[in-house]
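Computed from the coordinates by the stated procedures, all read-outs in this text should not be read as laboratory data. Just so you know, these numbers come straight off a predicted model, no measurement behind them. Reconstructed Cβ throughout: ideal geometry from the backbone, glycine too, with neighbour counts over all protein chains shown.
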Amino acid sequence: MEFTDILIYAVYILIFPGALFTCLFGLWLAGVDRKVVARMQKRKGPPISQPAWDFLKLCGKETVIPAHAARGVYLAAPYIGLASLIVTVLFIPLGGLQAFSTGADTVVILYLLTIPTLAMIFGGSASGSPFAGVGASRTMVSIMAYELPFILVILAVGKGMTPDGYYFTFSLEQITNVQSVFGPNIFDWRLLPAAVAMLLVIPCEVGQHPFDVGEAETEICEGPLVEYSGKPLAVFKLSHAIKMFVMTALFCALFLGGITTGMLWLDVVLALCFCTAVTLVSMTLLNAISARWRVEQLFKFFWTVVSGLALASLLLVWFC
Amino acid sequence: MFKKLIDNAAAKSPWLFHINAGSCNGCDIELVAVLTPRYDAERLGFKLAGTPRHADIVVVSGPVTVQSKDRVLRTIEQVPDPKVIVTLGSCPRSCNVFKGSYSVAGPLDKYVPIDVSIAGCAPKPEAIIDGLALAAKILKEKREAMK
Ligand code: SF4
């Protein structure tokens with residue numbers, strides 16, 4: 001490998017679209033979300049920079065480690081979750097710019113995306129608090145709830161690539177290429193149910209209201225995060241913000257890909273605008289208008305309605 | 001440079017934890033009113049935290065009953081530094097109408113130092129916002145004094 005290659009990869013991983021940019025854009029998305037929710041409730045709302053201030057403030061707080069916590073896991077969990085999220089971003093094409101590409105991006109992403117949630121479960125269980133235990137088990141239920149429709153959506157998009165239904169792919173690069181020929185997937189009527197299912201999977205995966213059963217602050221004191229304070233908590237909050245970016249970027253790659261203007265930087269800016277729009281539609285709207293669901297309601301909803309929508313798409317692309 | 005940013009952040013995102021130490025519920029309702037769309041304390045960054053570990057400002061209301069005394073003190077101890085303690089209403093400062101009752105162990109300043117007291121029975125939402133803004137300022141000073 002040449003020196004310039006290494007330099008380019010370093011820029012990809014550390015600056016764009018890797019660590020630095022991901023953190024900043026994630027915090028910005030979280031700020032937009034909070035602001036728009038406030039405006040929908042006729043409030044003035046916090047400034048858009050609020051999540052960034054929250055993050056900085058938490059960095060300056062004392063880190064309390066409970067006496068009966070498993071120290072190593074407790075402190076390492078948030079950083080592992082953050083790292084795997086940043087790696088995920090590198091596999092998602094952002095307006096045609098994809099840092100790393102494999103033959104099976106979506107499978108890699110599927111696995112990488114479970115790590116932050118698992119990190120939260122492990123960190124919570126390691127803290128030794130009963131609230132965290134309840135939160136961890138609830139989070140586990142929500143993983144099971146959204147993972148099934150998520151996989152069905154990915155299968156449907158991978159299959160629904162060409163009009164003659166010829167090939168099946170897990171590669172996001174290929175998905176983007178085909179979309180640039182046949183137009184974005186969202187305009188394909190067979191994939192419309194899958195797009196709706198994906199819009200519902202996003203808030204559940206991110207852990208956003210009304211699907212935040214694991215972190216219900218009014219019932220179980222923020223679940224797995226109950227004992228966290230200071231920097232580890234700051235990293236968890238940052239991961240939450242980055243997840244919003246990762247999931248919306250994935251949606252854009254699956255359903256709104258292949259829109260090119262001819263200039264790479266313009267494409268990237270366009271993709272980021274799409275990310276913001278998807279955040280507003282899928283997360284902010286639901287957040288503002290609904291109350292938190294019970295665990296079993298969530299599970300039932302995702303395994304019947306959402307999975308049903310995704311399955312309908314899968315059958316349509318397979319047989320139509 | 002980072003220290004300065006973090007110090008500034010302390011004043012901009014104070015998270016509240018509310019303890020009811022035997023209050024008559026009047027003050028509690030007023031605190032909730034502060035967070036409603038009409039007064040919207042969230043525009044200043046205030047947020048109710050679900051657990052004392054996430055809090056910066058501890059808001060205590062009520063005259064500190066015998067039953068709640070140990071729990072209040074323990075909860076305050078669980079808040080990571082820097083923290084600010086705010087009393088809400090007249091009760092935690094003087095025991096108010098509950099003074100002399102066999103079940104009251106207050107006032108609160110017998111046990112912990114108090115940074116801001118918001119007077120009134122119950123205080124107006126405007127007064128509460130004023131007091132909390134002052135508490136955020138004190139939080140920043142405490143943060144600057146750290147390390
Ligand atoms: S100060 Fe007044 S309103 Fe507040 S708790 Fe005491 S008696 Fe109730």
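Just wondering, is there one or more residues in region A:18-33 that are closer than 30 Å to A:Met263 by Cβ, within 14 Å of chain B (Cβ to nearest Cβ), out of contact with any Phe, Trp or Tyr (no Cβ under 9 Å at 6 or more places or on another chain) and not hydrophobic (A, V, I, L, M, F, W, C)? Yes: one or more hits. Being touching a residue at least 24 places away in the same chain (Cβ under 8 Å), among the hydroxyl-bearing types (Ser, Thr, Tyr) and within 12 Å of the ligand (Cβ to nearest atom) holds for only one residue in B:Ser103, B:Ser61, B:Ser94, B:Ser68, and it is B:Ser61.
Scan region B:105-130 residue by residue and report those that are of a type in the set (Asp, Glu) and touching a strand residue (DSSP E or B) at 6+ places or on another chain (Cβ under 6 Å). Selection gives B:Asp115 alone.
Condition check ((1) crowded, with 18+ Cβ neighbours inside 10 Å; (2) closer than 19 Å to A:Lys57 by Cα) across all residues:
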site: B:Val97; (1), (2): no, no
site: B:Gly131; (1), (2): yes, no
site: B:Lys140; (1), (2): yes, yes
site: B:Ala145; (1), (2): no, yes
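If you filter region B:18-39 down to residues that are crowded, with 19+ Cβ neighbours inside 10 Å and touching a Phe, Trp or Tyr at 6+ places or on another chain (Cβ under 9 Å), you find that the one that is farthest from the other protein chains (Cβ to nearest Cβ) is B:Gly22. Output the residues belonging to region B:106-127 that are more than 11 Å from the ligand (Cβ to nearest atom), crowded, with 18+ Cβ neighbours inside 10 Å and of a type in the set (Val, Ile, Thr). Across region B:106-127, the qualifying residue is only B:Val116. With respect to (1) within 16 Å of the ligand (Cβ to nearest atom); (2) crowded, with 22+ Cβ neighbours inside 10 Å; (3) aromatic (Phe, Trp, Tyr), the lone exception for B:Phe46 is condition (1). Residues that are of a type in the set (Val, Ile, Thr) and within 8 Å of chain B (Cβ to nearest Cβ) within region A:42-95 comprise A:Thr63, A:Val64, listed in sequence order. Just one of the numbered conditions (1) away from the ligand (no atom under 16 Å from the Cβ); (2) under 25 Å from B:Asp40 (Cα atoms); (3) of a type in the set (A, V, I, L, M, F, W, C) is not true of B:Ile76; which one? Here B:Ile76 clears every test but (2). Only helices (runs of 4 or more DSSP H) whose full extent lies in region A:253-320 are considered here, and the ones with at least 2 residues that are in contact with a Gly (Cβ under 9 Å, 6 or more places away or on another chain) are A:264-279, A:307-319. State yes or no: is B:Lys12 farther than 26 Å from A:Ala38 by Cα, of a type in the set (D, E, K, R), surrounded by 18 or more Cβ atoms within 10 Å (Cβ to Cβ) and away from the ligand (no atom under 16 Å from the Cβ)? Here the answer is no, as B:Lys12 does not meet what is asked. Give me the residue from region B:40-71 that is of a type in the set (A, V, I, L, M, F, W, C) and touching a Ser or Thr at 6+ places or on another chain (Cβ under 7 Å) and, out of that set, farthest from the other protein chains (Cβ to nearest Cβ). Here the residue is B:Val66.
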